[in-house]
Structures are given as structure tokens and as C-alpha cells.
Amino acid sequence: MQSDIFAKRKKDSLIFFFLLILLTVGSVVITQYDVSKGFTSLLKAFIWGGSNFYPDGKSLTILPDVLRKLWDTILMSIAATTVATVFATLLALVGSRTTRMNRLFSLVARGIASLFRNIPLVAWAMVLMLAFSQSSITGYLALFLGSFGFLTRAFIETIDEVSNDSVEALSATGASYFHIIFQSVLPSSLPQMISWILFMIDTNIRDATLVGLLTGTGIGFSFDLYYKSFNFHAASLVVILIVITVILIEMVSNTIRRVIM
């Protein structure tokens, strides 16, 4: 019996890898992608990057300005995430099966969360530029709306995982709806919700670079400006600072997660 299970798993794995190879080969044929040229171009790209894409002495003169733009980007990402957290929490409480007021409101809340989450951040930035042009508010709203959709969905799933035992116990004692939320649901969900918030801050700092390219703000605009002016040394400095910032924030986030979890 056990040998049959392993044989079935092996067969399923072979079928999966066969279909994956078939799909890859089919994609290469349909798109007429030159595999050999792709690998050789990748090697040339690394050679070019090592020869041109690095900070030099002259590029370090712009360091104060780049750090200021990077700081603005970090603050905007954190602000967008924290404000989105408030609205996402309220909508998640309405949408969760554990805390919903009625089925209709829950379906509407889940629909709003799915809609906002499935619209790409770039699309939000492009649409908002039609109303606010290239400005900081455009970048902030794009990050806010993207964070709102993601966090709402994540919070709904987190609250749904809360044990119903404590909720039922409080309900049996005659506790009100808000007492159940603040005495049972939120305390149980808070560690996981904080983890999602930290993840969203990490993501928003990365995404803010892309949003800045479109909205002409923050560190993304600095990179776009230097890159398009062929100042690759300055552009590489911006990239290195972004990478260092993301790594440091991720380290801080992981430390906080270990403390609260």
C-alpha cells in the first residue's frame, strides 16, 4: 500500500516536470526566443555592469541629496502602510466570518478587498496621475491603495483563523460585539497582523522606487534622472543605497517578528 503511494507520487512528479518542460519549449518556439543569445547577452550585461555601473568619487558628491530622497521615500512608504492598516482593519472586521455583522456586508467587504488587491500598483499610479499629475500625493495614494487591498485580504484571513472558542465564550456571557472584538479577536490576531504590516512596509519601500519612476518623486525619480542622463555611476549609487536600506529594514522587521511571535 505504501509502495503504491510513493509510486503515484513519483508518477505525478514526472508528469508535472514533463508538462513544465513541454510548456517551456512551447513558449520558446512560439515567442521565437533565442536561448543561446539570451545567455550570451546576460554575460555581456554582467561585464558591462562591472565596467560602468559602480559608484565613483564624483558620484559621492550627490550622496546627501540621494539620502534625503531615500528618507522621504521611506517615510512615504511607512505613512501609506500605517494609514492603510487602519482602513484595512475596519474593513477586515466587517468582511471576516468571525466578526461580520451580516453576510451581505461580508461579501461586499471581501469584494472590495479582492478588487483593490488585484489592481497592480503600476496601474494605480498611472490612473492617479491623470487626476494629480506627477506629484508626491500620486505616489502616496498608489502605495496606500495597493497596501489597503493587500492588508484587508490578509487581515480577513488572519481573523478567520482565530479560534471561535473564546468568541463563543464571551458571547455566552452576554458580551457586546465590540467587547468580543477588543477582548478576543484583536488580541489573538495582533501578532500575525503586525507581521503582515511589517511585510507591507518592506514591500512598499521596494515598490516606491518603481512608483517614483512614474510619478517623478522620491528615490525612484533620482534613479530615473541619473540613468536617463547616462550618469551610471550616480545611478549605481542609488541602487546600492536602496538595497542596503531594504536589507536593514528587513533585518529590523525580522527582529520584531521574533519578539512578537
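Which condition number in (1) over 23 Å from ILE256 (Cβ atoms); (2) modelled with pLDDT of 75 or more; (3) open to solvent by 60 Å² or more (accessible area, probe 1.4 Å) is the one that GLY149 fails?
It fails just one condition, (3).
Report yes if PHE87 is outside any loop (DSSP other than H, G, I, E, B) and either touching a residue at least 60 places away in the same chain (Cβ under 8 Å) or open to solvent by 60 Å² or more (accessible area, probe 1.4 Å) (or both), otherwise no.
Yes.
Exactly one of these conditions fails for LYS11: (1) open to solvent by 90 Å² or more (accessible area, probe 1.4 Å); (2) assigned to a helix (DSSP H, G or I); (3) at pLDDT 80 or above. Give me its number.
It fails just one condition, (3).
Does PRO64 meet the test of being closer than 30 Å to ALA234 by Cβ and surrounded by fewer than 10 Cβ atoms within 10 Å (Cβ to Cβ)?
Judged against the criteria, PRO64 is a match.
Take the conditions hydroxyl-bearing (Ser, Thr, Tyr), surrounded by fewer than 17 Cβ atoms within 10 Å (Cβ to Cβ) and either free of Cβ contacts under 8 Å to residues at least 24 places away in the same chain or on the phi > 0 side of the Ramachandran plot (or both) and apply them to SER114. Does it pass?
No, not satisfied.
Please determine, by comparing only the residues of region 14-55 that are of a type in the set (D, E, K, R) and within 30 Å of ASN231 (Cβ to Cβ), which one is modelled with the lowest pLDDT.
LYS37
Checking LEU19 against (1) open to solvent by 80 Å² or more (accessible area, probe 1.4 Å); (2) touching a residue at least 60 places away in the same chain (Cβ under 8 Å); (3) of a type in the set (A, V, I, L, M, F, W, C), only one condition comes out false. Which one?
Here LEU19 clears every test but (2).
Tell me, which helices (runs of 4 or more DSSP H) lie completely within region 183-261 with 1 or more residues that are surrounded by 22 or more Cβ atoms within 10 Å (Cβ to Cβ) and among the polar types (S, T, N, Q)?
186-215, 218-228
Given (1) open to solvent by less than 50 Å² (accessible area, probe 1.4 Å); (2) within 19 Å of the chain's Cα centre (by Cα); (3) more than 30 Å from PHE230 (Cβ to Cβ), where does SER77 come up short, assuming only one miss?
(3)
Could you list, in sequence order, all residues of region 117-146 that are assigned to a helix (DSSP H, G or I), free of Cβ contacts under 8 Å to residues at least 40 places away in the same chain and surrounded by fewer than 17 Cβ atoms within 10 Å (Cβ to Cβ)?
ASN118, ALA123, VAL127, LEU130, ALA131, PHE132, ILE137
The values are calculated or read from the model by the stated rules, or taken from the named source; none is laboratory data. Nothing here was measured: the structure is a model prediction, and the numbers come from that model. Using ideal geometry, Cβ is built from the backbone for each residue, glycine included, and neighbour counts are taken over all protein chains shown. Accessible surface areas use protein heavy atoms only, side chains included; no ligands, DNA or RNA. Shrake-Rupley method; radii C 1.70, N 1.55, O 1.52, S 1.80 Å.
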